[in-house]
Amino acid sequence: MKRFWNKKNVLLVIGFALLVAMPFLIISEKRLPMLTDNTINPYPEPKDIAASYIQKASENYFYREFPQAADNYQKAIAIYEERRDVHRVATTYNSLADLYVWAREPEEAEKHYLLAAQYHAQTADLLGQADSIKELADLHMKLEHFQEAEQRYSESLSLLKDGKPNRVLGSVHEGMGHMYWKANRIPRAINSFTHARNTFAALHYNMGVEHMTGVLNRLNKLPNTQRSPSQRGSPVPEDYAIH
């Protein structure tokens, strides 16, 4: 009987072993190295220079590098103004105002919300204009400047005087509700939250309806709460009820 480990069989065994090991060798070669980039935005820098400044500003914003973020936003605004891209000038001013809110510089925030509103007005963007004014009202409300907040909320509502349901209208009424609540003007707060709830219901925004319903239930449990007949008779429409 011939020995098994002859030259031919040895070659067959080696060939079989290589065939089994080959997929593992290929996977090992194709394995990607671990990423070591610690930046928050690993995507390529935008080719558009203004968009690049916006991206840098966002990164600065994330790291609370407020002066650098503001500088990059201003550079982007200068480019958009040169291009006469009024819409992007307005939205970037709004972002800059948000930045100053976080930086606790309310005067700068107010200045830039107003600039944003002015540029939105140039393009007849009533929603954008109303939204910027609403953000300014929110700022005053948080600072408990209730008179200024009420004035700005009313100004925002006047821009939306057609009353058609939209996200800005709902958020203005919600902001007013919080303002009146903080000022301990509970009946007015209930009225504003009711308007917000009904607006969100018309938009089929169930999360907003649920939140406003919870707030109203809480306010209605407060002692000495007086509701007008219109408030008592304005439940959430059946189609939008939360189940």
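Give me a comma-separated list of calculated 3J(HN,Hα) values for region 81-94, in order, Karplus coefficients 6.51, -1.76, 1.60 applied at θ = phi - 60°, integers in Hz, x for any Gly or Pro.
With the stated coefficients, region 81-94 comes to 5, 5, 7, 6, 8, 5, 4, 6, 4, 4, 5, 6, 4, 5 Hz.
In vacuo Debye scattering of region 74-137, one point per C-alpha: log10 I(q)/I(0) at q = 0.26 Å⁻¹?
-1.03
Find the percent of Cα-Cα distances in region 114-200 that exceed 19 Å, and round it to a whole number.
Pairs farther apart than 19 Å: 33 percent.
GluC sites (Glu not before Pro) within region 93-188: which are DSSP loop residues with at most 12 other Cβ atoms inside 10 Å?
Glu144
Report the relative contact order of region 140-198, percent, no decimals, based on alpha-carbon pairs under 8 angstrom and at least 6 residues apart.
About 32 percent, as a whole number.
Got a sec to turn the phi values of region 107-115 into Karplus ³J(HN,Hα) couplings, 6.51 cos²θ - 1.76 cosθ + 1.60 with θ = phi - 60°, whole Hz, x for Gly and Pro?
Computed from phi, the couplings for region 107-115 are 5, 5, 4, 4, 4, 7, 5, 5, 4 Hz.
What is the gain in length, in nm to one decimal, between Ser154 and Glu105 on full extension, counting 0.36 nm per residue of separation less the C-alpha to C-alpha distance?
15.3 nm
Arrange Lys182, Lys161 by Cβ neighbour counts within 10 Å, fewest through most, would you?
Lowest to highest Cβ neighbour count: Lys161, Lys182.
In nanometres, what is the gap between the two model label sites at Arg188 and Asn206, each 7 Å from Cα along Cα-to-Cβ?
Those two pseudo-labels are separated by 3.5 nm.
For labels at Glu45 and Lys221 in the simple 7 Å Cα→Cβ model, what's the distance in nm?
Inter-label distance under the simple model: 5.5 nm.
Work out how much length Tyr63 to His145 would gain on full extension: take 0.36 nm times their residue separation and subtract the Cα-Cα distance, in nm to one decimal.
26.6 nm
No lab work stands behind these numbers, since they all come straight from the coordinates. Remember, predicted model here, so these are calculated numbers, not experimental data. Neighbour counts are summed over all protein chains in view; Cβ atoms, including those assigned to glycine, are modelled from backbone coordinates with ideal geometry.
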